[in-house]
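Just below is one structure, and these are the notes that go with it.
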Amino acid sequence: MGTIRQKLHAVREHWFQILIACGALALAFGLGMSFQAEREDAEEEAQIRNALSNFSRQMEIFANDVGRMTRQSEQAEANEAPVDDPTEHYVISHSLSFLRENAATFFDIAYLRQFNDYRNANFYLDWLKLEFLGGNYQDLQGLSEVVTIFRPLIEARPGGPLEETMALLEENVTSGDYQDALDLLGLELDASGDLILTGT
């Protein structure tokens, strides 16, 4: 009984030091968790930036191939010759698969907390994701539309810091210069300059 009293007395004498020690442990734990979260965010951001950079380079090649095939198709029609089926073109099908694979990664940019303020850029990316990953591109017109709907993003200079890309994308989708892309996605600007679904 005396031992218990002695221990309680010791605790009462040193309660402040114990409180400080507990606070230090809690702070260290919190800082450790915060550091871990920041490191995970940085790793995810690097992965998204890499996927977006790869996508941008491949999209340029894809756009050139679609443009060349469109010109060849128009020439064939003018000469009343058979027109090639673009879905049988290996380069096109391979490029489209590659684009979709990288897009599935970089579309997660909309979920990074530091970019929550770019609501119009994120709104555009949400609908771009639905259209592109769910689209069935069977002809040259559909393939050309792929190039068009991505123009606001590709011309936001992806490959550099994501903060810069998102800022430029926000500017692009609200500038009125990419209405053809927004039309294909069923989007429009409202009176306040924010993106909304057409007809809402």
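Here are some notes:
- Filtered residues of region 116-145 (kept if modelled with pLDDT under 90 and among the aromatic types (Phe, Trp, Tyr)): Tyr137
- Restricting the first member to region 97-119 and to residues that are on the phi > 0 side of the Ramachandran plot, and the second to residues that are open to solvent by less than 10 Å² (accessible area, probe 1.4 Å) and outside any helix (DSSP H, G or I), no beta-carbon pair is closer than 9 Å while six or more apart or on different chains.
- Search result, residues across region 163-200 that are β-branched (Val, Ile, Thr) and at pLDDT 95 or above: Val173, Thr174
- Identity of the residue in region 145-200, under 18 Å from Phe62 (Cβ atoms) and among the small types (Gly, Ala, Ser), that ends up farthest from the chain's Cα centre (by Cα): Ala181
- In region 73-86, the qualifying residues are those that are in a helix (DSSP H, G or I) and surrounded by 14 or more Cβ atoms within 10 Å (Cβ to Cβ), and the one that is modelled with the highest pLDDT is Ser73.
- Listed by position, the helices (runs of 4 or more DSSP H) inside region 93-176 whose residues that are under 21 Å from Gln47 (Cβ atoms) number at least 2 are 119-134, 151-154, 162-173.
- Filtered by the rule that a residue be closer than 17 Å to Val66 by Cβ and of a type in the set (Lys, Arg), region 90-149 gives a lone residue, Arg100.
Yes/no matrix, rows are residues, columns are (1) closer than 24 Å to Asn54 by Cα; (2) surrounded by fewer than 16 Cβ atoms within 10 Å (Cβ to Cβ):
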residue	(1), (2)
Asn120	yes, no
Leu128	yes, no
Leu140	yes, no
Ile149	yes, no
Pro152	yes, no
Glu155	yes, yes
Pro161	yes, yes
Glu170	yes, no
Gly176	no, yes
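The values are calculated or read from the model by the stated rules, or taken from the named source; none is laboratory data. Everything quoted here is computed from the prediction, not taken from an experiment. Cβ coordinates were reconstructed from backbone atoms using ideal geometry, including for glycine residues, and neighbour counts include every protein chain displayed. Side chains included, ligands, DNA and RNA excluded: accessible areas come from the protein's heavy atoms. Shrake-Rupley method; radii C 1.70, N 1.55, O 1.52, S 1.80 Å.
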